[in-house]
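Down below is the structure, laid out as structure tokens.
The values are calculated or read from the model by the stated rules, or taken from the named source; none is laboratory data. Because the structure is a prediction, the values reported are computed rather than measured. Cβ coordinates were reconstructed from backbone atoms using ideal geometry, including for glycine residues, and neighbour counts include every protein chain displayed. Side chains included, ligands, DNA and RNA excluded: accessible areas come from the protein's heavy atoms. Shrake-Rupley method; radii C 1.70, N 1.55, O 1.52, S 1.80 Å.
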Amino acid sequence: VDVFQAWCGPCKPVVNLFQKIRNEVGSNLLHFAVAEVDSIDALEKYRGQCEPVFLFYTGGELVAVVRGANAPLLQKTILKQL
């Protein structure tokens, strides 16, 4: 989940990375979503930050968090969780 604030928007360059990985591993294993922190109370702790935050869930449980648009770290985290 790409967690963002309305004033800075979701991290669009990372969408290409997720699409690339999703094509490589299969569409059923990886799902990408965006969530605006100002409209979701459960994400309140991520408000006021200008860097993108990526939350990784498996089976409904938060399993990893990556702060910043660090493509190599995002890719490593995705592949590790898969």
(message) Suppose each label sits 7 Å from its Cα in the direction of the beta carbon; what would the residue 64-residue 35 distance come out to in nanometres?
(response) 1.8 nm
(message) One quarter of the convex hull surface, Cα atoms only: what value does that give for segment 34-82 in nm²?
(response) 3.7 nm²
(request) Multiply the residue separation of residue 6 and residue 25 by 0.36 nm, subtract the distance between their alpha-carbon atoms, and state the gained length in nm to one decimal. (result) 3.8 nm
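Can you pull the Kirkwood radius for the chain, inverse mean 1/r over Cα pairs, to one decimal in Å?
By the Kirkwood definition, the hydrodynamic radius is 13.1 Å.
Relative contact order of the chain: what whole-number percent is it, with Cα pairs under 8 angstrom and at least 6 residues apart? Spell out each step's value before the answer.
Numbers: 98 pairs, mean separation 26.8, N = 82.
Contact order relative to length: 33 percent.
Accessible area per residue, 1.4 Å probe, Å², for segment 2-81: what's the number?
On the way: 5080 Å² over 80 residues.
Heavy-atom accessible area per residue stands at 64 Å².
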(request) Please figure out what share of the DSSP beta bridges in segment 2-81 is antiparallel and state it in percent, rounded to the nearest 5. (result) 75 percent
(request) Go through segment 24-35 residue by residue and turn each phi into a ³J(HN,Hα) via Karplus (6.51, -1.76, 1.60, θ = phi - 60°); whole Hz please, and just put x for glycine and proline. (result) 6, 9, x, 5, 7, 8, 10, 10, 10, 9, 10, 9
